[in-house]
1. Return the pairs, sorted by first residue and then second, in which the second residue is charged (D, E, K, R) and part of a strand (DSSP E or B), the first residue lies in region A:246-258 and is away from every other protein chain (no Cβ under 14 Å), the beta carbons are less than 9 Å apart, and the residues are 6+ apart or on different chains.
2. I need the strands (runs of 3 or more DSSP E) fully contained in region A:44-107, keeping only those with at least 3 residues that are of a type in the set (A, V, I, L, M).
3. Hey, among the residues in region B:124-141 that are without any contact (Cβ under 8 Å) to a residue 24 or more places away in the chain and not in a helix (DSSP H, G or I), which one's nearest to the other protein chains (Cβ to nearest Cβ)?
4. Do any helices (runs of 4 or more DSSP H) entirely within region B:13-90 hold 3 or more residues that are touching a strand residue (DSSP E or B) at 6+ places or on another chain (Cβ under 9 Å) and at pLDDT below 85, and if so, which?
5. Would you be able to tell me the number of residues in region A:158-182 that are of a type outside the set (F, W, Y), assigned to a strand (DSSP E or B) and either within 14 Å of chain B (Cβ to nearest Cβ) or more than 14 Å from A:L124 (Cα to Cα) (or both)?
6. Looking at A:G146, A:G137, A:G167, A:G156, which is the one that is surrounded by 18 or more Cβ atoms within 10 Å (Cβ to Cβ) and on the phi > 0 side of the Ramachandran plot?
7. Would you be able to tell me the number of residues in region A:123-134 that are crowded, with 22+ Cβ neighbours inside 10 Å and assigned to a loop (DSSP other than H, G, I, E, B)?
Amino acid sequence: MNTKRLKLFVLLALGATFLSACSGQPLANNWPGLATDSEHAYLAAGSFVYAVDLESGEEVWRYPAEANGKLLFYANPVLTSDGQLLIGSTGKEHPFISLDPATGKEKWTKHFTENKGGWVGSPLVLNDTIYAPNADGFIYVINLNGKEDADPIELGGALWSAPSTDGSLLYVTSLDHYFHVIDPATGVMNESIDLGGAAPSSPVVGSDGVYVGSFASTIEYIKTNGGHKVIAKTDSWIWGSPLLDGQTLYYADLSGKVYSLDLASGNQNWDIVQPDGPVVASLLIVGDQIYVATEAGTLVALDREGKTVWEKTVGGKIYTTPVISGDLILVAPYQADFVLADYDAAGKQAWTFVPEK
Amino acid sequence: MWETIIIQPMTNLLLWIYDFLGHGPHMFGLAIILFTILIKLITLPLNASQVKGAQAMQALQNDKEWQDIQKKYAKDKEKLAQEQMRIYKERGINPFASCLPTLVQFPIIIGLYQSITRALSVTPYDMLKLARTIYPFQNVEGIIPLNSKFLWMDLGRPESIQILGFALPTLAIIVALTTYIQSKLTMPASTNPNDQSAQMTKMMSIYMPLMLGWFALNFASGIAVYFIISNVLGVVQYAATGRANWSNLLPGGSKKISSAKKK
């Protein structure tokens, strides 16, 4: 190869590299999933699932032990009553994995073929059956030993959130704008309602109906005994699940506004409460405090009147819904110096977790 | 800045076309095709100047005065450059005219790839970025998420067809093939054995199909659709001028022409 050819080849190779770098790797690009029990926090971030000791903030185990290019985690892990930690991967082969929460050892793995989508939403376990929503628009029905118990339930649009249940029916939101009611005993879809926009988060089940937020910038109320209506409108898309506390429904939108709706009167309880950034994560309520995590990387504690009790700069961007374990609030920021931090009810940070390379 | 001047307008335009087409199945593929035609129309003057520039440079390689100064100042690069500049100036030739349109295409390809992946939003984070990209006057709640199906493809993923247990990357092959055809057709015949420009074009006609084929193999198939349509339109556009060198597609075609001209 003469010099000119070599130069041209190098130039084109550089062009290819430049284009590859600019385009990025979309699949590796998402915020972490988080779950907890009384001892550990379980963080699904990138190529690993980490178990972190809640007292010390130290890593207990990681799965897999070595980085594996085929595995990529963003869904919230789910703990089952029989001692399993369930997590699906959005990596190349989309395995659905059961881990031992104490050791991180694999209990079983169910492989899904290449043409099936990844696992963005978490599974729901109901009556010893796992209902796992997949981005390919199916809910896969798996038993606790990792075998498919029934045919998958086809819903159509990509499923990015965990199904909810009232103990007998499944309530599922889909990115194709639909809310579905499914009878798990038969796998039959009882009802489908067009929400007018994509619904990336789980519905919230109340005593006589279900509440769903969507990109239509509305909260839809679906009555258990039939019928549905829009009960509230917001300034921007609603990403996180609404939070039901008695007769009050809390929710937030991408404009960063936090709302408190009195379900009895249909009126808002406060005028404008707007922390420092868009809110993607669902809200969390503990005692008398409502916790709001913003894209600006701030954790805000509000009282029930919407007044700020305290706010802490966590860092990075917070999209993952914080979780509570005992008195601790666990926050998993994205693109921050650490991947997990914990705060007490007064907003004091106890530790941060940075995985060892 | 890149986001504001490239990604945002491109993504919004793609979404607007998709919405205009009725946002059903296969419509995002059609939106990419219409987008490509639009880009081709916008860059038509640039492409015309590229062709003109390339031909002028080609003609120069066969010019006696040009060849004479190459020989005369072969050992004095500085003088040679001065003489070349003089000839460029005298004949009104811009030596970079043929490169500029290629350079303009590059950010379009990168931007289009980023716009396609963003519009299709494979991950929640992509979806969030898409929400930020949309212009306030666009009412897209009803069309998001986009339907990524086009013919047998998922436009957000690399394409392949399973044949006898093998994943055959048909689009990557078509991209490489159409790029090769386009570069061969637009390659002018040269009578000068020392024609550096012709040598460069010949090398480009080998490397470019490989590079674009590699992109099509590894990235979202939506970008492969852009490459194919762009190549086909390029061939049609060139053929319409009557300058397409069809004999170059045959093995040894360019050599035959060269030797025929020498006789």
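The values are calculated or read from the model by the stated rules, or taken from the named source; none is laboratory data. All values reported here derive from a predicted model rather than from experimental measurement. Reconstructed Cβ throughout: ideal geometry from the backbone, glycine too, with neighbour counts over all protein chains shown.
1. Taking only residues 6 or more apart or on different chains, the pairs are A:Q247/A:D262; A:T248/A:D262; A:L249/A:D262.
2. A:48-53, A:85-88
3. Going through the qualifying residues, I end up with B:E141.
4. Filter on region B:13-90 gives an empty set.
5. Adding up the residues that qualify gives 3.
6. A:G137
7. 2
Conditions tested, residue by residue: (1) free of Cβ contacts under 8 Å to residues at least 40 places away in the same chain; (2) charged (D, E, K, R).
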| site | (1), (2) |
| --- | --- |
| B:F35 | no, no |
| B:K64 | yes, yes |
| B:I69 | yes, no |
| B:K72 | yes, yes |
| B:L80 | yes, no |
| B:L103 | yes, no |
